[in-house]
Amino acid sequence: MASIKIKFRPSTVEGKEGGLYFQIIQNRVIRQMTTDYKIYAHEWDAEIESVVISGTRTNILCSIKERMEWDLSRFEKIVRQLEQERRRYTADDVIALFHKVTQETSLFSFMHGVIIQLRQLGKVRTSETYTATLKSFMEFREEQDVPLDGINSDLMLLYEAYLKARGVRMNTVSFYMRILRAVYNRAVEKELTTQKNPFRHVYTGVEKTIKRAVPVKIIKALKELNLPMKSSLDLARDMFMFSFYTRGMSFVDMAYLKKSDLQNEVLTYCRRKTGQQLTIRWEKCMEEIIKKYQSNDSDYLLPIIKEHGNERKQYDNALHLVNYRLKDLSRKLKLQRPLTMYVARHSWASAAKARNVPLSVISEGMGHDSEKTTQIYLASLEASVVDKANKMILELL
């Protein structure tokens, strides 16, 4: 069986850090694999072949020791597998397999692969949230990768403590943890690691946030504001109102509405977030907004995406502009909290709840702990029931 040892090579320059390397011996052939781990001579115990944790570099040394132990564990696993297969192998084979396995079982590399796959599937927004999560975790790790086998409960608790220390809200902590858990579970399914339930002690719930809805009287006041026709303020107001008119349609779904989605006074679209198909009866107030922008020559219904190519960038720019102008409108209305496109969604739900619309039509003003519950309720409804509720709310304006 191949022998794997960790060795220290002192620097030829006095007072400089030396390097750690792995020594692989198989059939009396010795090979070395260098690493980028640097320590001083007094930080190495040659007898037990281990990093000495002491002095002012405790955090750095702990990180190096942790990573060396992970690497050694992977080497030993490779050797055991080769021995079980009862095939001849060399020290060079062990090193080559180590590099291959390291690439495949690295969290950063694996998650990058998941992100690329999400983009290929057209799930751009989801890929962006995964990218944000990976960026946060990489900052926590100070760019030092983690093998999938190294993801454990202690590491996740440290990450949670790191986020809390930086004032990150618990819903955001949960958001990052749930994404990392999804990536980890995918790796388990691919048999790249074993299930250790590393997220069982960290927060993955959802706290109720500050109420985002505004009362109908505010929506009505916004509708009646005297604004320059087709100005950026007018556009922001129209997009907010269109969302409210269409049962709180999300801005991304509004952006990708095609003219062909409106047939026989019925608007049909699929939620980009869930894939769920929804239908909305076309109302006069919706038509008034569309008529204002009929000069739009694109295939899209609303003046958000105006041309083919860079659709996502056009959507992002439009959302930024609309939310920015909604803040200006909020000041005009002397609101304590600024309006956003998401407020339109919450406000429709709140208005529905206030007028005793059944929970099966809209779930507790979007107050479910999980959106899956909302989907279950909505999926079981006939469109006419929801349309009736929507018409009742629109008549309040």
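The values are calculated or read from the model by the stated rules, or taken from the named source; none is laboratory data. Just so we're clear, the structure is a prediction, and the values are computed from it rather than from any experiment. No Cβ is skipped: glycine too gets one built from the backbone with ideal geometry, and neighbour counts run over all protein chains shown. Only protein heavy atoms, including side chains, enter the accessible area calculation; ligands, DNA and RNA are left aside. Shrake-Rupley method; radii C 1.70, N 1.55, O 1.52, S 1.80 Å.
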Go through region 1-50 and tell me which strands (runs of 3 or more DSSP E), entirely inside it, have 1 or more residues that are open to solvent by 70 Å² or more (accessible area, probe 1.4 Å). 3-9, 29-39
Would you say residue 89 is surrounded by 12 or more Cβ atoms within 10 Å (Cβ to Cβ), farther than 22 Å from residue 152 by Cα, in contact (Cβ under 8 Å) with a residue 40 or more places away in the chain and touching a helix residue (DSSP H, G or I) at 6+ places or on another chain (Cβ under 9 Å)? yes
Which residues, counting only those in region 37-59, are more than 12 Å from residue 18 (Cα to Cα) and hydroxyl-bearing (Ser, Thr, Tyr)? 50, 54, 56, 58
Hey, does region 52-69 have a residue that's open to solvent by 30 Å² or more (accessible area, probe 1.4 Å) and in contact with a Gly (Cβ under 8 Å, 6 or more places away or on another chain)? yes
Among (1) over 18 Å from residue 191 (Cα atoms); (2) in contact (Cβ under 8 Å) with a residue 60 or more places away in the chain, where does residue 116 come up short? (2)
Among the numbered criteria (1) buried (at least 16 other Cβ atoms within 10 Å of the Cβ); (2) under 18 Å from residue 323 (Cα atoms), which one does residue 203 miss? (2)
Pairs under 7 Å by beta carbon, first residue more than 21 Å from residue 74 (Cβ to Cβ) and part of a helix (DSSP H, G or I) in region 149-173, partner of a type in the set (D, E, K, R) and open to solvent by less than 50 Å² (accessible area, probe 1.4 Å), six or more apart or different chains? 173/160
Please indicate, with yes or no, whether at least one residue in region 381-396 is modelled with pLDDT of 70 or more, among the acidic types (Asp, Glu), closer than 24 Å to residue 228 by Cα and open to solvent by less than 40 Å² (accessible area, probe 1.4 Å). no
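What tally of residues in region 174-190 results from selecting those that are open to solvent by less than 20 Å² (accessible area, probe 1.4 Å) and within 10 Å of residue 202 (Cβ to Cβ)?
3
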So is residue 140 in contact with an Asp or Glu (Cβ under 6 Å, 6 or more places away or on another chain) and either open to solvent by 50 Å² or more (accessible area, probe 1.4 Å) or within 14 Å of residue 180 (Cβ to Cβ) (or both) or not? no
For region 85-118, enumerate the residues that are more than 14 Å from residue 74 (Cα to Cα) and part of a loop (DSSP other than H, G, I, E, B). 85, 86, 87, 88, 89, 90
Go through region 26-58 residue by residue and tally those that are in contact (Cβ under 8 Å) with a residue 40 or more places away in the chain and farther than 17 Å from residue 99 by Cα. 6
Looking at region 101-110, is at least one residue over 28 Å from residue 130 (Cα atoms), free of Cβ contacts under 8 Å to residues at least 12 places away in the same chain and open to solvent by 70 Å² or more (accessible area, probe 1.4 Å)? no
When the residues of region 145-173 are filtered to those that are of a type in the set (Ser, Thr, Tyr) and surrounded by fewer than 18 Cβ atoms within 10 Å (Cβ to Cβ), which remaining residue is nearest to residue 69 (Cα to Cα)? 153
